[in-house]
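Below is one structure, written out as structure tokens; the observations come after it.
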Amino acid sequence: MEKYSYDYSRHSDILHIHKHGKQTLGSVELGDFTIDFGENDEVVGLEIDHASEFFRNLDINEDLSKDINEVNLILDKRNPESEFIILGVQFHGKIRKISIPVVVAS
């Protein structure tokens, strides 16, 4: 599995997730989500604005600045016309998989 780093800013309430060793060459903003792309239009990162509200709406009330142990992005490429982004977040050993409500068309 790919390794991702993350950073949460309590001040701006933004959660940023990025694939290790990959450079962002372009981005697309879709509502509260920014998707970062690298070479060959590969999804290399995701930024969630108003992150605490996004998680709270999913009944996830953990403290994003302290309770996240690990994050990753799962890209579902079964449909050749689009990719679905699934966010995997581990809170204190408990993994939650969250569908990101955007579709990335190839």
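Identify the residue in segment 34-75 that is farther than 18 Å from Arg10 by Cβ and aliphatic (A, V, I, L, M) and, among all such residues, is farthest from the chain's Cα centre (by Cα). Among those that are farther than 18 Å from Arg10 by Cβ and aliphatic (A, V, I, L, M), it is Leu58. Exactly one residue out of Asp59, Asp76 is free of Cβ contacts under 8 Å to residues at least 12 places away in the same chain, out of contact with any His (no Cβ under 6 Å at 6 or more places or on another chain) and open to solvent by less than 40 Å² (accessible area, probe 1.4 Å), and it is Asp76. Taken together, the residues in segment 27-41 that are hydroxyl-bearing (Ser, Thr, Tyr) and open to solvent by 60 Å² or more (accessible area, probe 1.4 Å) amount to 1. Scanning segment 9-26 for residues that are assigned to a strand (DSSP E or B), in contact with a Leu (Cβ under 9 Å, 6 or more places away or on another chain) and open to solvent by 40 Å² or more (accessible area, probe 1.4 Å) gives a single hit, His16. Of all residues in segment 84-106 being at pLDDT below 75 and open to solvent by 90 Å² or more (accessible area, probe 1.4 Å), which is nearest to the chain's Cα centre (by Cα)? Of everything passing the filter in segment 84-106, Pro101 is nearest to the chain's Cα centre (by Cα).
Taking every residue in segment 5-23 that is of a type in the set (Phe, Trp, Tyr) and pairing it with any residue that is outside any strand (DSSP E or B), at least 6 positions away or on another chain, the pairs with Cβ-Cβ distances below 8 Å are Tyr8/Ala51; Tyr8/Leu64; Tyr8/Ser65.
The values are calculated or read from the model by the stated rules, or taken from the named source; none is laboratory data. None of these values were measured; they are calculated from a predicted model. Backbone-built Cβ (ideal geometry, glycine too); neighbour counts: all protein chains shown. The protein model used for the area step is the full one, side chains on, heavy atoms only, and it has no ligands, DNA or RNA in it. Shrake-Rupley method; radii C 1.70, N 1.55, O 1.52, S 1.80 Å.
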